[in-house]
1. Among the numbered criteria (1) assigned to a helix (DSSP H, G or I); (2) within 22 Å of GLY258 (Cβ to Cβ), which single criterion is violated by ASP71?
2. Could you go through region 400-413 and let me know if any residue there is among the basic types (Lys, Arg), surrounded by fewer than 16 Cβ atoms within 10 Å (Cβ to Cβ) and in a loop (DSSP other than H, G, I, E, B).
3. Go over the candidates ILE120, ILE159, ILE152 one by one and state the one that is closer than 24 Å to PHE48 by Cα and touching a residue at least 40 places away in the same chain (Cβ under 8 Å).
4. Which condition does ALA438 not pass, out of (1) touching a residue at least 40 places away in the same chain (Cβ under 8 Å); (2) small (Gly, Ala, Ser); (3) part of a helix (DSSP H, G or I), if it passes all the others?
5. With TYR314, TYR358 as the choices, which residue is buried (at least 24 other Cβ atoms within 10 Å of the Cβ), assigned to a helix (DSSP H, G or I) and at pLDDT below 90?
6. With respect to SER101, is the statement that it is at pLDDT 90 or above, hydroxyl-bearing (Ser, Thr, Tyr) and within 30 Å of LEU327 (Cα to Cα) true?
7. Does region 16-23 contain any residue that is of a type outside the set (Gly, Ala, Ser), crowded, with 20+ Cβ neighbours inside 10 Å, closer than 23 Å to GLY485 by Cα and in contact with a helix residue (DSSP H, G or I) (Cβ under 7 Å, 6 or more places away or on another chain)?
8. PHE127: closer than 20 Å to GLY346 by Cα and of a type in the set (Phe, Trp, Tyr), yes or no?
Amino acid sequence: MSFPILSIILLTPLVAAGIIAVLPKRFHDTMRQLSALAMIITLLLTLFLYVDYDMAAGGMQYTEYVPWVTDLGIAYSFGVDGISLPLLLLSSAVGLAAVFSSWRIEHRTKEYFVLLLILIAGVSGAFLARDLFLFLLLCEMVVVPAYIMVLIWGSSERIPKSEAAMKMTIFLLVGSAFMLVGVILLYVYAFPAGARTFDVTALSMASVSGNIPYGVQVIAFLLLLVGFGSHLSMFPFHIWSPDGYSAAPTAVSMVNAGVLKKVGGYALIRIGFFILPFGAKFWAPVIAVLATINVVYASYVALAQKDIKYMISYSSVSHMGYVLLGLAALDVVSVTGAVAYMVAHGIMIALFFSQVGYVYDVTDARSTDELWGLAHYMPYITTGFMLAGLCALGLPGLVGFIPEFTIFVGAFREFPALTVVCVFGIIFTAFYVLRMLAKVLFGRRIAAFEGIQDERHTDIVPLVVLGVFLVGFGIFPSLLMDMVGSGVEPLRPLFDLVRDAPMISLLQGVPIWGGFPQ
């Protein structure tokens, strides 16, 4: 086996969490520094992979495989390709920014950083796993830490934080139940004879060989769509995310909205498209309609929000509609745009939440009725708000522009009317974002804010880390788009296979009619 760099990326935060767990409670500074060191190592290793990855060869690289539960075909199997590697980079960057956004945490510091590092490791591991059982295990690993962190360190002015935490947990667990049933269905049908496995590549080959009947693909994809749609904030399974993100502490909002939400989109590609192409073809029009509802409805609701965190949360739901539209088109161009946009959105939304979190810490306010003219006192915060806000608008030169444009180009071929509607959703985004920026940053001076402290020292790290990626990928979009394109290209023959296929009868090959294979 080659050097297990992927395992090190996964285990570094977990080892740091274990060390912090045994430190005396008084060593707060050591806990913060150890957490930061772990995430710096993780980010540097991920950057090395990103630079070293052979895009010409493509496919899964840096693979690791160790049999685990051989009787069930479960293995410790890791690997990255052009789809998962940019998302792993997103997770590492947001994770580092989240640690520094937590530098002011004084209440139960040990427990906080242990849970935060476990949360980051879980979402990062989901992008590494090549075994579906391991993938589901890592997805479940994040639910409990997120719940506890919202419950203990969260704050909410609209509903009790306990209610927000429970709503988030219930939706994620119910979604996981659908995911589990869908995966079991694949596991049973893909290998009617011989040894079964949860390996994604083997499942994909079994599907192409015709082992998974069309009807089973339709049902299984629907189950996965409900499960992963809950993570992705797809309408109508989005209702937990505005309350959950708004009530969560800053770091959890950053990780959940910036990275965890992307696990749903990633899984729809890795499992839905590679293993269930005919199921994806059947449900694509429904996904496109739901994507349009996401864009328009959530943007409209964001217009009515005065709480900036709620506005950003609904904006996040709206932007996930663009990702869903790109996926629904089943086109290499649009899917490339969708994956790149997940990275762009993750950077942008994490930066937004980090800046709002700092403002709330120093002013105890996050409503547009209370915050005025911050640009007079806080130039760094102003820079962060402007970068995130203009990226949300799809401004050229920032990371969101090229992926968003690519989605529209690819999706227009398949869903021209819905794509036009989604394009007009940008107008809603411009209205609520620019209105918020104009008032909060460039409004009149407030006597109460005179002498307020701007970001400095560790507080400015999230702005620097996320800002570099936000601007860097915007000025040099090929650094992101070429990598993603190398990962999406293997989907081209599958899309060609299903493009002209007739709609499959929902009952053809459904288990209740044909029985389960032995």
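The values are calculated or read from the model by the stated rules, or taken from the named source; none is laboratory data. Being a predicted model, the structure only gives us computed values, none of them experimental. In this analysis, Cβ positions are derived from the backbone assuming ideal geometry, glycine residues included, and neighbour counts consider all displayed protein chains.
1. Condition (2) is where ASP71 drops out.
2. yes
3. None of the other options fit; the residue is ILE120.
4. For ALA438, the failing item is (1).
5. Details: TYR314 fails: at pLDDT below 90.
Result: TYR358 is the single residue among TYR314, TYR358 that is buried (at least 24 other Cβ atoms within 10 Å of the Cβ), assigned to a helix (DSSP H, G or I) and at pLDDT below 90.
6. no
7. No, region 16-23 has no match at all.
8. In short, yes.
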